[in-house]
Every structure is written in structure tokens, then in C-alpha cells.
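Participant: Got a structure for you, written out below as C-alpha cells; questions coming shortly.
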Amino acid sequence: MPLVSIAMYVTSEPLADATAKLWSFLRHYLSNAGLKDLPEKLDQTVPYDEAWLRPDLLLSQACGYPFAKSLRGRVRLVATPIYDHPGCEGPLMRSFIIVAKDSALHSLEDLRGTTAAINSPDSNSGSNFFRAAVAPLAGGRFFGRIIETGSHRGSIAAVVEGRADSAAIDCVTFANIRRFDPGYIKAVRIIAETPKGPGLPFITSGDASDDRVLLLRNALSAAIKEPSLSAMRATLGLVDFSVLSEADYQPLLSLAGDALPQLRA
């Protein structure tokens, strides 16, 4: 049975339910097209980043920076979602740099020498975009200290609790928390936006045929057009999919230039 793991934006029950409904539609579409033995439910046992290189992968959603850095040529790019959240521009997205609401920090320059929280060193939105935002100000090491939290929600908590002074939060994640768990961000404020880049791509296994990739793209396109899925799309903020090339993700590798070392805990 092939692996299907769509686990990047499922941190609240409405999002998880909507993502499950998306897969239910895709499964029906793919079954009608002749694919057999498809899982009824999305996998919740395999860590999302381990799913990306599984040989039995049918569909997953990857982070843009790992895709550009280590997945290109090893998986096949299916499509990039287009969300209608603030900070999104077509298939492009950015992050919001946050500080505590009562913080004395008000600009990127104010962050020099302070403690920054990142979810992961390989995260595009939580680390790479953050580096790109402060790179023009850096003459070497910019932050005084970096802590790694493991998730965007963990980075928000670190800022709220005073363990970090700032963090960069994916604009889709920020919008989802604002809609479904607003209390979680009531104690933070946005002081800047990062540069933008292509969003989190849907991928399939590297040995997938052109016909398989086209079928997956057609299924995703059908999900956008299906009238009965309007509530699902509204919950996810999903308005379309765009077919980008691997080359479109290449700039993410040099977005911050050489002004900063990799952010590390």
C-alpha cells in the first residue's frame, strides 16, 4: 500500500479534518483513475520528513528549503499550493518575524545580539527566511544566541515565555493559529516580514512516472474545482495549485547570501 502523508499544516482539529477530507476526495479520484490499494486515511505514524524519501511514497508535502537542498532529483515535484492568507503571493510565501507584545524591540536592527528561536536549522520559513531578513544588517554573526524549538508553535512559546526575543513564523501557520487558536499569539506582535519564496511543495517518489505525476496534478486540480469541497478549501485557505519547476526552488539556497552562517542551536 502506498504512503500518503500530508502533515505540515494539521496542528488544529479543523485543519486535520479538512486535510483528511482533501485526501478522501483525492483517493476517490485516483481510485476511479485506476490506482489500487490506496490507504483510506493519511499516515500518522511516519515522521513527515522521513516520508519524503520513502520509495513507496505516493503523496506528501515537503518544506521548500529541504526540497531545494536535498530532495531535488530524488523526489518528483507535483505542485505547490496557493493559499490566500496574508503574506502569501500566489505560490510564494514569507514569514512574519515576531517579538513579545510588551518587548522593547521594534525593528530588525533591534534584534542584533539578542536570542532568536528557530524551529529547525533546515526550515525554510523558520530559519532560511529569517537569515535572509537579517542578512543585509549582518557583518558577521548577527544574533547573540540561537535556540532550536522543534516547531513554529514552540518558537512562539519561546518568545512568549521570554526564552527567546524573536522568531520567524511561516505566514500560513500564523494565519492558521490566528483563526483556530488565537489565544496562542495574543502575547506577540509582528515587527517585520521576511523575503518571499516558493511555498511547501507536494511531492511524490523519485521513480514516479510522468503519467503518475500528471494524474496527481489532475487530482489536485479537481479538488480545487469541486463545489462540495468549498468548506475544506476555506478551512485550509487553499485557492489553487501551481506547477513550479525544480529551478524555481534553487534560489532558496542562496536567499541569505553569505552574510550569515547557518543558524544553529
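Participant: Straight-line reach from Lys41: which lysines have a Cα under 21 Å away, not including same-chain ones fewer than 8 places off?
Facilitator: List returned: Lys21.
Participant: Output the 0 to 90 degree angle, nearest 10, between the alpha-carbon long axis of helix 210-225 and the longest principal axis computed from the alpha carbons of the chain.
Facilitator: With both axes taken from Cα atoms, the answer is about 80 degrees.
Participant: Specify the longest stretch of the chain that does not include any exposed loop site, a site being one of the GluC sites (Glu not before Pro) with a non-H, G, I, E, B DSSP assignment and at most 15 other Cβ atoms within 10 Å.
Facilitator: 41-160
Participant: So, in nm, how far is label Asp17 from label Ala187 when the simple model puts each one 7 Å beyond its Cα toward the Cβ?
Facilitator: Computed distance between label sites Asp17 and Ala187 equals 2.9 nm.
Participant: Next question. So how exposed is Cys63, as accessible area in Å² (1.4 Å probe, rounded to 10)?
Facilitator: Counting only protein heavy atoms, Cys63 exposes about 20 Å² to solvent.
Participant: Can I ask one more? Can you give me the P(r) profile for segment 123-181? Cα pairs, bins 5 angstrom wide beginning at 0, each as a whole percent.
Facilitator: That works out to 4, 17, 26, 26, 16, 7, 2, 1, in percent per bin.
Participant: Rounded to the nearest 10 degrees, what's the angle between the helix 171-180 long axis and the longest principal axis of the chain, both from Cα atoms, 0 to 90?
Facilitator: Its long axis makes an angle of about 80 degrees.
Participant: With θ set to phi - 60° and the Karplus curve 6.51 cos²θ - 1.76 cosθ + 1.60, what are the ³J(HN,Hα) couplings of segment 49-66 in order, to the nearest whole Hz, using x for Gly and Pro?
Facilitator: 6, 6, 5, 4, 9, 5, x, 8, 5, 9, 7, 7, 10, 9, 8, x, 5, x
Participant: While we're on this one: Counting only heavy atoms of the protein chains, get the accessible area per residue of segment 113-187 (1.4 Å probe) and round it to a whole Å² value. Kindly include the intermediate steps, with their values, before the conclusion.
Facilitator: On the way: 2580 Å² over 75 residues.
It amounts to 34 Å² per residue over segment 113-187.
Participant: How much of the DSSP bridge set in the chain is antiparallel, in percent, rounded to the nearest 5?
Facilitator: Restricted to the chain, the bridges split so that about 70 percent are antiparallel.
Participant: Binning at 10 Å from 0, report for segment 27-118 what percent of all alpha-carbon pair distances ends up in each bin.
Facilitator: That works out to 11, 28, 31, 19, 8, 3, in percent per bin.
Participant: As an exercise, find the ratio Rg/Rh for segment 42-175 from alpha-carbon atoms, using the Kirkwood inverse-distance average for Rh.
Facilitator: Reported Rg/Rh, Kirkwood definition of Rh: 1.00.
Participant: A further question on this structure: Report, in deg cm²/dmol and to the nearest 500, the calculated mean residue ellipticity at 222 nm for the chain, where each DSSP H run with n ≥ 4 adds -39500 (n - 2.57) and the sum is divided by the residue count.
Facilitator: Working: 8 runs with 76 residues, N = 265.
The per-residue figure over the chain is -8500 deg cm²/dmol.
Participant: Here's something else I'd like to know. Mind checking which of Ile118, Pro136, His152 is farthest towards the positive end of the chain's charge dipole, using Cβ charges of +1 (Lys, Arg) and -1 (Asp, Glu) about the Cα centre?
Facilitator: Pro136
Participant: Report, to the nearest 10°, how far helix 13-32 tilts away from the longest principal axis of the Cα atoms in the chain, using its own Cα long axis and a range of 0 to 90°.
Facilitator: Helix 13-32 and the main axis of the chain meet at about 30 degrees.
Participant: At 1.4 Å probe size, put Asp210, Asp49 in order of accessible surface, largest to smallest. If you can, show how the numbers build up before the last one.
Facilitator: Values: Asp210 110, Asp49 80 Å².
Largest accessible area first, the residues go Asp210, Asp49.
Participant: To continue, here is another question. Quote to one decimal, in nm, the extra length available between Ser107 and Lys69 on full extension: 0.36 nm per residue of separation minus the C-alpha distance between them.
Facilitator: 10.7 nm
Participant: Also: Greater than 30 Å separation of Cα atoms is the criterion. Which listed pairs, Lys36/Lys225; Lys196/Lys225; Lys186/Lys225, meet it?
Facilitator: Correct reply: Lys186/Lys225.
Participant: Under a 5 Å amide H to amide H cut-off, with H placed in plane at 1.01 Å, what residues pair with Ile169 once short-range neighbours are removed?
Facilitator: Amide H neighbours of Ile169, under 5 Å, 5+ apart: Phe96, Ile97, Ile98.
Participant: Quick one: work out Rg over Rh on the C-alpha atoms of the chain, Rh as Kirkwood radius.
Facilitator: Expressed as Rg/Rh, it is 0.98.
The values are calculated or read from the model by the stated rules, or taken from the named source; none is laboratory data. Treat the numbers as computed from the prediction; the structure is a model and nothing was measured. Cβ: placed from backbone, ideal geometry, glycine included. Neighbour counts: every protein chain shown. For accessibility, only protein heavy atoms count, side chains too; no ligands or nucleic acids. Shrake-Rupley method; radii C 1.70, N 1.55, O 1.52, S 1.80 Å.
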